[in-house]
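These notes are about the structure you will find just below.
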Amino acid sequence: MAKHQWIDSNARLADAAERWNGVIGLDTEFQRTDTFYPIPGLYQLVADTEIWLIDPLAIDDWRPLTRALEDPATVKIMHSCSEDLELIAHHLGVRPANLFDTQVAYAFVSEHLSISYANLVKTLLGLQLSKHQVRSDWLRRPLSDAQVSYACEDVASLPALHRLLSDELEAKGRWDWFREDMALREAAPIIDPDRYYLGVKGAWRLNGTQLGALKALCAWRERQAMAEDRPRNRVVWDEHLLQFARHGNLTMALIEARLPRRLAQRYGDALITAHGEGRATPVEAALPRPLSGSQNALVKQLRAVGLDRAASLGLAPELLSRRRDLEACLRHHASTGELSATFRGWRGALVGTEFTTILSTQAP
């Protein structure tokens, strides 16, 4: 088992924070099976070769950690950090600054975007990590020796990865590209209940009044799930909200015909209220229709350019040719005559001219 310090009091956390230098590695362990939000089970932090395991079940004054996370002068090294950031935002109420995601960094110096932490450590450092603690209960106390060893391994190599990848980014002249993407990650929006409807499958078929109802129903469901800390599908499914939005008059009889009786009784009145309020405030902008055949052909051309350019540079192809980014770029260009924000900046310097030429063939 790696040498570490177990932090289970406010005083110990404050003392530990005094030893954190300008570069720290961070990981989290959590559970989320019957809740909307992840439940923190452990924070792991490394600075140089020192490892701290921080117990969220025993600490209530998180200011020493939040100060470090928000400090733009302190680099926070993480790996594939999206879920960790969600946990930190909810549990600690902060957004870490100056992130260095080792998975993303590796995508800028190799052809691999989604490499696991264990495989990255093996590839760059030649170390074999233990197997993941499948179905491990991170809320149990005390943690098992296997859990502690795994938790330590999950951060121990982050400083070395940071040094190697930083050097490689600098050597290849891609540091500014990487930092541009990290800045976008740091500024990524948190959960927005009022925008959830935009991602509901089949919502594009609804008219403005129906979209108003769907938007209100989704926003209500999101806030209800948050308030109860329950998975959204334990409240009402997306497909049911879509069905309700199609109706001009939502009644209790219709709700009872679609939902289990206990859910209909619990949420029926609130659903009817949200439905009515939504229909009274229609959504003016229609949602994008699926791409036409000719538009899909253009996306295929864009993808070919992105793949070719990424291959020539030894970049992960997804950085230049992820389909959802290409579709968004096509739609944005069709409405504004400009490339989307994703394909400006460093991407624009690589593929912007060719993308503009291809997209200029779109019908008005």
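The dipole here belongs to the stretch 277-364: it is taken about the Cα centre, uses +1 on the Cβ of Lys and Arg and -1 on the Cβ of Asp and Glu, and is about 160 debye. Under a GNM of the chain (C-alpha, springs under 10 Å), which listed residue has the highest mean-square fluctuation: 129, 69, 320? It is 129. 3J(HN,Hα) couplings calculated from phi for the stretch 36-51 with the Karplus curve 6.51 cos²θ - 1.76 cosθ + 1.60 (θ = phi - 60°) are, in sequence order, 6, 9, x, 9, x, x, 6, 10, 10, 9, 10, 9, 6, 10, 8, 10 Hz; Gly and Pro show x.
Among the chymotrypsin sites (Phe, Trp or Tyr not before Pro) found in the stretch 206-314, those both in a DSSP coil and sparsely packed, with 15 or fewer other Cβ atoms within 10 Å of their Cβ, are 237. For residue 51, the residues whose modelled amide H falls within less than 5 Å of its own, excluding neighbours fewer than 5 places apart on the same chain, are 5. If R0 equals 51 Å, the separation of the Cβ atoms of residue 258 and residue 176 corresponds to a calculated FRET efficiency of about 0.45. Size estimate for the chain follows the Kirkwood approach: the inverse of mean 1/r over distinct Cα pairs works out to 23.4 Å. In the stretch 1-102, the DSSP beta bridges split such that about 55 percent are antiparallel, to the nearest 5. Find the centroid of the Cα atoms in the stretch 76-129 and in the stretch 158-180, then give the distance between the two in whole Å. Centre-to-centre (Cα) distance: 13 Å. What the phi angles of the stretch 166-171 give under the Karplus curve with 6.51, -1.76 and 1.60, with θ = phi - 60°, is a coupling list of 4, 4, 5, 4, 5, 4 Hz, glycine and proline written as x. Counting only protein heavy atoms and a probe of 1.4 Å, the accessible surface of the stretch 308-349 is 46% carbon and sulfur.
Rounded to 0.05, the FRET efficiency of the residue 10 and residue 354 pair, given R0 = 56 Å and the Cβ-Cβ distance, is 0.50.
Leaving ligands, DNA and RNA out of it, report the carbon-plus-sulfur percent of the accessible area of the stretch 1-83 at a 1.4 Å probe.
C and S fraction of accessible area: 46 percent.
Taken along the Cα-to-beta-carbon direction at a fixed 7 Å, the label points for residue 324 and residue 230 span 2.7 nm. Relative to one another, the C-alpha centroids of the stretch 17-31 and the stretch 202-258 are positioned 40 Å apart.
Simple rule: put +1 on each Lys or Arg Cβ and -1 on each Asp or Glu Cβ in the chain, find the dipole, and look at 249, 184, 128; the Cα lying farthest toward the positive end is 249. Available extension along the chain between residue 270 and residue 35 is 82.5 nm, counting 0.36 nm per residue and deducting the alpha carbon span. Close amide H pairs (under 5 Å, H built 1.01 Å from N) link residue 71 with 97, residues at least 5 positions away or on another chain.
Surface composition of the stretch 232-296: carbon and sulfur make up 48 percent of the accessible area, probe 1.4 Å. Only lysines eight or more places from residue 76 in sequence, or on another chain, were considered; those with a Cα closer than 29 Å are 3, 122, 131, 172.
Maximal additional length on extending the residue 341-residue 209 stretch stands at 44.5 nm, based on 0.36 nm per residue less the C-alpha distance. Counting only protein heavy atoms and a 1.4 Å probe, the stretch 143-196 has 50 square angstrom of accessible area per residue. Amide H contacts under 5 Å for residue 101: 78, restricted to partners 5 or more places along the chain or on a different chain, H placed in the peptide plane at 1.01 Å from N.
Would you mind getting the accessible area per residue of the stretch 241-280, heavy atoms of the protein chains only, 1.4 Å probe, in Å²?
Working: 2180 Å² over 40 residues.
Heavy-atom SASA per residue in the stretch 241-280 reads 55 Å².
Considering only DSSP beta bridges where both residues belong to the chain, give the percentage that are antiparallel (nearest 5). Bridges in the chain that DSSP calls antiparallel: roughly 55 percent.
Converting phi to 3J(HN,Hα) with the Karplus coefficients 6.51, -1.76 and 1.60 and the offset θ = phi - 60°, the stretch 271-279 yields 5, 5, 5, 4, 4, x, 5, x, 5 Hz in sequence order, with x at every glycine or proline. In the stretch 1-132, the C-alpha radius of gyration followed by the widest Cα-Cα span (Dmax) gives 15.0, 45 angstrom.
The values are calculated or read from the model by the stated rules, or taken from the named source; none is laboratory data. Owing to the predicted nature of the structure, the values given are computational and were not obtained by experimental measurement. Methodologically, a virtual Cβ is constructed for each residue, glycine included, from the backbone with ideal geometry; neighbour enumeration extends over all protein chains shown. With ligands, DNA and RNA removed, areas are computed over all heavy atoms of the protein, side chains included. Shrake-Rupley method; radii C 1.70, N 1.55, O 1.52, S 1.80 Å.
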